[in-house]
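Each reported figure results from applying straightforward, stated rules to the coordinates on display, with no laboratory input. Model, not experiment: these values are computed from the prediction. All Cβ positions, glycine included, derive from the backbone under ideal geometry; neighbour counts span all protein chains shown.
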Amino acid sequence: MLKKLLTALFMDKNLKDDISFLKTISLFDGLSERSLSKIAAIIYKKTYTKGESVYAPSQEANLLYIVRSGEINIECANSQKSALEGGFFGEVSLISESQKHEGKATAAKDSQLYLIYRVKFDDLIESDPRLGLKVIKNLLKTFASRVVCA
C-alpha cells in the first residue's frame, strides 16, 4: 500500500503514460516499471511533420527511434519498409559505434518519435547492468527474427 501511495505521489501523468507505452515495445519486454522509468528518463521526444527527414544517407547513426505515433518510411538499398506506432528502428546504433546510415527515413505522416541516444543508453547500462542485459537480450531476439524473415 505504501508503494502505491509513493508511486502516486512521485510519478506524474506524463511519466505514467510513457511507461505504459514503453511496456508495449518488444525491446523492453520483461522490464519492471522502475526500469522503464529509467528508460523514460533518457528519452528525447521529437515531432516530425509529414515529408520531414528523420535521417539521411551518410548521417551518423547514433540513435534508436521508437514511433510513438504516426508512420515513418525507411528506405535502404533496394528495400523499403514502414515503422508504425510501437515500432522501432535504428537499433543497431545502440551496439555499433561509428556507423553511418546507408538509407533514409522520412515521416509518411505527422509523427512523434521517442529517441534514445547511444551515449545515454551506454550510461544507463553502466549504471544498471541487469536492465542493460535484458534490453540486449530483447535486441538479439529482434535481430534473430529479422534475419529469419529476410
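Rounded to the nearest 0.05, what FRET efficiency do Ser20 and Leu84 have when you use their Cβ-Cβ distance and R0 = 25 Å?
0.90
Between helix 33-42 and the chain, what is the angle of the helix's C-alpha long axis to the longest principal axis, kept within 0 to 90° and rounded to the nearest 10?
50 degrees
I need the trypsin sites (Lys or Arg not before Pro) found in segment 49-134, filtered to DSSP loop residues with at most 13 other beta carbons within 10 Å of theirs.
Loop-located and lightly packed - Lys50.
Can you spot the aspartates and glutamates whose alpha carbon is less than 18 Å from Lys45's alpha carbon? Ignore those fewer than 8 places along the same chain.
Hits, sequence-local ones excluded: Asp12, Asp17, Asp18, Glu71, Glu85, Glu91, Asp110.
Going from the alpha-carbon gyration tensor of the chain, what semi-axes, largest first and in whole Å, does one get by taking the root of 5 times each eigenvalue? List each step's numbers first, then the result.
Details: eigenvalues 152, 66, 38 Å².
Sorted largest first and rounded, they come to 28, 18, 14 Å.
Could you calculate the FRET efficiency of Ile136 with Ser53 from 1/(1 + (r/R0)^6), where r is the beta carbon distance between them and R0 is 22 Å, rounded to 0.05?
On the way: r = 29 Å, r/R0 = 1.33.
In this case the efficiency is close to 0.15.
Taking the convex hull of the alpha carbon atoms in segment 89-141, what volume per residue do you get, in Å³?
Normalising the Cα hull of segment 89-141 by residue number yields 104 Å³.
Please compute the net charge surrounding Lys23, taking Lys and Arg as +1 and Asp and Glu as -1 over other residues with Cβ under 12 Å from its Cβ.
Working: positive: Lys16; negative: Asp17, Asp18, Asp29, Glu33.
With Lys, Arg at +1 and Asp, Glu at -1, the net is -3.
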